[in-house]
Amino acid sequence: MDQKQLLKQMIDFNKAAFDNSFNAMVTLQELTEWMAITLLDQATWLPGEGRKAIDEWVKAYKNGREDFKKTVDDNYRKVEDFFTGAKSKSK
């Protein structure tokens with residue numbers, strides 16, 4: 001088996017494992033967010049500023065998560081381009 005093909009398969013496996021883990025984490029975070037919102041809706045003692053701060057925190061967390069995923073996907077794409085370019089050069 002060609003060494004480049006083996007490395008590409010390893011990268012593909014790693015990307016699939018990352019995507020599955022990331023999706024599981026997103027699901028868990030969304031469920032936690034849903035539970036927190038339900039709890040906050042029932043917490044009449046929490047002032048409006050507290051609710052606003054928590055909403056901003058959740059929004060910042062989502063933006064960070066999306067930026068992280070975008071960065072990882074871009075880097076996987078660069079690795080794939082590297083292997084694709086290496087194959088076309090060798091032919």
- Number of positions in the range 1-44 that are modelled with pLDDT under 85, exposed (fewer than 10 other Cβ atoms within 10 Å of the Cβ) and not aliphatic (A, V, I, L, M): 3
- Task: Tell me, yes or no, whether the range 49-67 has at least one residue that is in contact (Cβ under 8 Å) with a residue 60 or more places away in the chain and either outside any helix (DSSP H, G or I) or in contact with a helix residue (DSSP H, G or I) (Cβ under 8 Å, 6 or more places away or on another chain) (or both).
- Result: no
- Residue among 40, 31 that alone is touching a Leu at 6+ places or on another chain (Cβ under 7 Å) and either touching a residue at least 24 places away in the same chain (Cβ under 8 Å) or over 24 Å from residue 12 (Cα atoms) (or both): 40
- Message: Suppose we filter 32, 44 for residues that are under 30 Å from residue 18 (Cα atoms) and either polar (S, T, N, Q) or not in a helix (DSSP H, G or I) (or both); which single one remains?
- Response: 32
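Checking the condition modelled with pLDDT of 90 or more and surrounded by 10 or more Cβ atoms within 10 Å (Cβ to Cβ), which residue from 79, 58 passes? Walk me through how you get there before you give the answer.
Working: 58 fails: modelled with pLDDT of 90 or more.
The conditions single out 79.
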- Residue hits (the range 68-84; free of Cβ contacts under 8 Å to residues at least 12 places away in the same chain and farther than 24 Å from residue 29 by Cβ) are 77, 78, 81, 82, 84
- Residue check: is residue 22 on the phi < 0 side of the Ramachandran plot and either within 20 Å of the chain's Cα centre (by Cα) or not in a helix (DSSP H, G or I) (or both)? yes
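The values are calculated or read from the model by the stated rules, or taken from the named source; none is laboratory data. Quick caveat, the model's predicted, so the values are computed rather than measured. Glycine gets a Cβ as well: all are built from the backbone with ideal geometry, and neighbour counts include every protein chain shown.
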